[in-house]
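What follows is one structure encoded as structure tokens, with my remarks underneath.
The values are calculated or read from the model by the stated rules, or taken from the named source; none is laboratory data. Since the model is a prediction, treat every value here as computed from it, not as a measurement. Glycine also receives a Cβ, built like all others from the backbone with ideal geometry; neighbour counts cover every protein chain displayed. Note: accessible area is taken over every heavy atom of the protein model, side chains too, but ligands, DNA and RNA are not part of it. Shrake-Rupley method; radii C 1.70, N 1.55, O 1.52, S 1.80 Å.
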Amino acid sequence: MMPLHFLSVLVATLQPLPATEPEGWALVWADEFETDAIDPGKWTYDVDCWGGGNNERQCYTDRPENAFTADGHLVIEARNESWTGDPFPPRWGLTGDAVTQDFTSARLTTRGLASWRYGRFEIRAQLPGHQGSWPAIWMLPEDSVYGGWAASGEIDIMEAVNLGEPCDVCPAGLENRVLGTLHYGGSAPDNTQSGDAMFLEDPKGFHVYAIEWTPEDFTWFVDGVPYARQTADEWFTEGSAAGQTDGAPFDQPFHLLLNLAIGGNWPETSNLGGVSEDHFPRQMRIDFVRVYSCPSNPETLAGCRHGGQDE
């Protein structure tokens, strides 16, 4: 989940549509969040005060105050409270002085529990608004075989910042964009990215954010409507340790992440700027996460992708 430096915006609006079973697909993994607690067999937590490499202003915790299930939803709650914790993700094996941040939140991931290469991914979610909010649904490689971020890739199914705040380029004058993005190229700072955005008439309502991923392309959807596509000739990696293929770096298994960041380079330099301390706690609610394969062609997705209408 990194800030964008390039963005082409699709000027359109979508009405919310009910979630439907995609024709031709087979469900291979899901969480409907109907349990009393978050399933530890499906999700683990990133716990740190690192700031995500973007100068974000939250500490991620594994406390029930920041992530819990309620009313059939996963709730990720950002709170306006000071917290002190590790300066780096513990899995990195790095040490340093403890860091104190002004906010707490949660970042859940399937790392080490479930990862996938190709398929369709659907997440029905309701996003928070207000200056400084940065909800994200995204994917990272299970193993960084092509090198450090972003040489091994990042897939952003959905990101948004500052929903509901003044926006000069938004049709309604208020921020209502959701974005789908790929990150690739070399290891930072030699990384690059490309993406598209969709204007939503009701950005704070529940929507189904989806992506179809094949060796040749990615297609992004909101409520079943495609709004962006990128093809393999548009991405690349400078990594070669594993023997680069034509689809690299997006030819490896990736895991899912769900998080709500507060602040950071992108939201704090957009819309009104900075982070408002009002309207806390802020919640990102996820109704379901569903992962599908295409039984007829699990890698090409032929016969399943684009609603069964392959290009």
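Along its first, second and third principal axes, ordered by size, the chain spans 51, 45, 41 Å in Cα coordinates. Only protein heavy atoms count here; on that basis, with a 1.4 Å probe, residue 286 has an accessible area of about 0 Å².
Taking label points 7 Å from Cα along the Cα-to-Cβ direction, residue 92 and residue 70 give a separation of 3.2 nm.
How big, in percent, is the set of alpha carbon pairs in the stretch 148-216 lying more than 17 Å apart? The answer is 52 percent, as a whole percent. Taking every alpha-carbon pair under 8 Å whose residues sit at least 6 apart, the stretch 195-264 reaches a relative contact order of 21 percent. Of the GluC sites (Glu not before Pro) found in the stretch 105-214, those that fall in a DSSP loop while having at most 13 other beta-carbon atoms within 10 Å are 201. For the pair the stretch 180-214 and the stretch 253-291, the centres of their Cα atoms are 14 angstrom apart.
Residue separation of residue 82 and residue 174 scaled by 0.36 nm, minus their Cα-Cα distance, works out to 30.1 nm of gained length. Summing Lys and Arg as +1 and Asp and Glu as -1 over all other residues whose Cβ lies under 10 Å from the Cβ of residue 115 gives a net charge of 0.
Rg/Rh, computed from the Cα trace of the stretch 129-259 with Rh as the Kirkwood radius, has the value 1.01. The phi torsions of the stretch 34-42, fed into the Karplus equation with coefficients 6.51, -1.76 and 1.60 and a -60° offset, translate into couplings of 8, 8, 6, 9, 5, 6, x, x, 10 Hz, rounded to whole numbers, with Gly and Pro shown as x. Remark: the chain carries a charge dipole of roughly 220 debye about the Cα centre, counting +1 on each Lys and Arg Cβ and -1 on each Asp and Glu Cβ.
Both radii come from the Cα set of the stretch 201-311: Rg as radius of gyration, Rh as Kirkwood radius; their ratio Rg/Rh reads 1.04.
Per residue, the convex hull spanned by the Cα atoms of the stretch 224-284 measures out at 200 cubic angstrom.
Our note on the geometry: Cα centres of the stretch 106-164 and the stretch 24-57, 10 Å apart. Scalar couplings 3J(HN,Hα) for the stretch 137-147, obtained by applying the Karplus form with A = 6.51, B = -1.76, C = 1.60 to θ = phi - 60°, are 10, 7, 9, 10, x, 5, 10, 7, 6, 9, x Hz; x denotes Gly and Pro.
Which shape class, rounded, prolate or oblate, goes with the stretch 59-169 when its Cα gyration tensor gives a ≥ b ≥ c as root eigenvalues, a/c under 1.5 marks rounded, and past that a/b bigger than b/c marks prolate? Note, shape of the stretch 59-169 comes out rounded. Note on the chain: GNM, Cα springs under 10 Å; of 186, 132, 96, the largest mean-square fluctuation is that of 96.
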